[in-house]
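Notes follow the structure.
Every read-out reported here was derived from the displayed coordinates using simple, explicitly stated rules and does not represent laboratory data. Bear in mind that the values here come from a model prediction, so they are computed numbers and not experimental data. So basically every Cβ, Gly included, is an ideal-geometry build from the backbone, and we count neighbours across all protein chains shown.
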Amino acid sequence: SSYYENYHSMKEIYRWMEEVVKVHSDLLQKIYIGSSYEKRPLYVLKAIHVRERDPTMTMLLEHFDFYVMPVINVDGYEYTWSHPSNRLWRKSRSKHGNSKCIGTDMNRNFDAHWCGQGASPYECQETYCGPYPESEPEVKAVARFVRDHKNTIKAYITMHSYSQLVLFPYSYTMNRSKDHDELDSLAKKAAKAIRRTTKETYRPGPGAQTIYLAPGGSDDWAYDLGIKYSFTFELRDTGTYGFLLPSREIKPTCLEALSAVKEIAKHVLQNL
Ligand code: 0X9
Ligand code: ZN
C-alpha cells in the first residue's frame, strides 16, 4: 500500500517533504518557519499555480496559493513513535518552571482569550495553556507566519481528530461571531461536500456551542486577526476507533477533507 495509506515517523515525513519538493519543484516550495523546543525544523509547504488533472484544483490554484503545514507538534509526534506506550501524547514537549510535568497544549497557547475557561493553568493537565501566550516555539512560529501573511491569507483551516465536525469561531466564548450566519452556511456546505464525496456525516457548528469552551485556539486567533474564513476540521471517526484511526481510513479521510477545503476555497473566491 502507498505512502498515503500508512502512518509515518517524523523522520519519514521529513524525508517525504524533501522528496516531494524535489520531484515537484515547479509547483511546491518548502518554507522554513522556525524550530521546535527540541530543535526540529518546522516547515510549511507552498503549492503554487500549475495545470493539474483536477479542474477544480487547477481553477483554485489559478487564484490562490495553498500553504500546508503537515505537522505542527513535531516533538510530540516524534515522542508518540519513540515511546509507543505514550501513543496518544497530545502536548508539546517543553519544560516550564520546575514542574515535574512536560508539555503545553498548543491549541490553548494562542493569544485568543488565553487561559480562560476551558484551559488549565496547571502544567500537569492535558489542556495546560503554557506560562504565557505563544510560549511554545511552534505556536510562535505559526503565529508569526500567519501574521506576516495576514493581508493575503483568505482562509485558515486547522485539521484535528476526532468527531467529524466542521467548527468555526468562537470556541473561547458561547457568543456568536459577527460572521456567524455566513460561516454557519459555509460550514454546512462543506459538510455536504463531504457527504457527496464519501457519504460520511460531519456536523457543522461554532466550537464552544458544538463541543466545549476552549480558549487559546488557532482558529479563534486567526479569526480575530481578521481572517474571516477560519475553521477547525475534526476528522474521523466518531468514536469507534477515536484517535487510533485504522490506516485504511487515512485516504478516504483525506479525500473528504479535501472536498471540504475546495468548497471553502470556492466560496472565498466568489466573495473576494
Ligand atoms: O480541544 C481542541 O483543541 C480540539 N479538539 S481535539 O480533540 N482535536 O483536541 C477542538 C478545537 C476547537 N477550536 C478551539 N478550541 N479553538
Ligand atoms: Zn486536536
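Assorted remarks:
- Amide hydrogen neighbours beyond the local backbone of Thr158, cut-off 5 Å, H modeled: Phe231, Thr232, Phe233
- Antiparallel content of DSSP bridges confined to the chain, in %, to 5: 50
- For the peptides 140-151, 112-123, the ranking by mean Cβ contacts within 10 Å, running from highest to lowest, is 112-123, 140-151.
- When each of the peptides 162-168, 236-242 is scored by how many other beta carbons lie within 10 Å of its residues on average, the order from highest to lowest is 162-168, 236-242.
- In terms of overall dimensions, the range 1-46 has a Cα radius of gyration and Dmax of 11.7, 34 angstrom.
- The spacing between the range 49-113 and the range 221-267, judged by their C-alpha centroids, is 13 Å.
- Note that the range 217-224 has calculated 3J(HN,Hα) couplings of x, 5, 5, 4, 4, 4, 4, 5 Hz, one per residue in order, obtained from phi through the Karplus relation 6.51 cos²θ - 1.76 cosθ + 1.60 (θ = phi - 60°); glycine and proline are x.
- Sequence-distant residues sharing a close amide H with Leu28 (under 5 Å, placed H): Ile48
- Cross-link partners of Lys154 among lysines, defined as those whose alpha carbon lies under 24 angstrom from its own and excluding same-chain residues fewer than eight positions apart: Lys30, Lys46, Lys140, Lys178, Lys188, Lys189, Lys192, Lys228, Lys262, Lys266.
- Put simply, the range 97-198 fits an ellipsoid with semi-axes of 29, 17, 14 Å; these come from the alpha carbon gyration tensor as the roots of five times its eigenvalues, largest first.
- Phi-derived couplings, Karplus 6.51 cos²θ - 1.76 cosθ + 1.60 at θ = phi - 60°, listed residue by residue for the range 244-259: 9, 5, x, 5, 5, 8, 4, 4, x, 5, 5, 4, 5, 5, 4, 5 Hz, with x used for Gly and Pro.
- Peptides 103-109, 259-265 ordered by average Cβ neighbours within 10 Å, highest first: 103-109, 259-265
- Distance distribution note for the range 1-144: the fraction of Cα pairs above 26 angstrom is 36%.
- Those aspartates and glutamates that a straight Cα-Cα span of less than 12 Å connects to Lys11, excepting residues fewer than 8 apart in one chain: Asp75, Glu78
- One quarter of the convex hull surface built on the alpha carbon atoms of the range 79-270 amounts to 11.3 nm², the projected area averaged over directions.
- Lacking any other cysteine beta-carbon closer than 4.7 Å, the following Cys residues of the chain have no compatible partner: Cys254.
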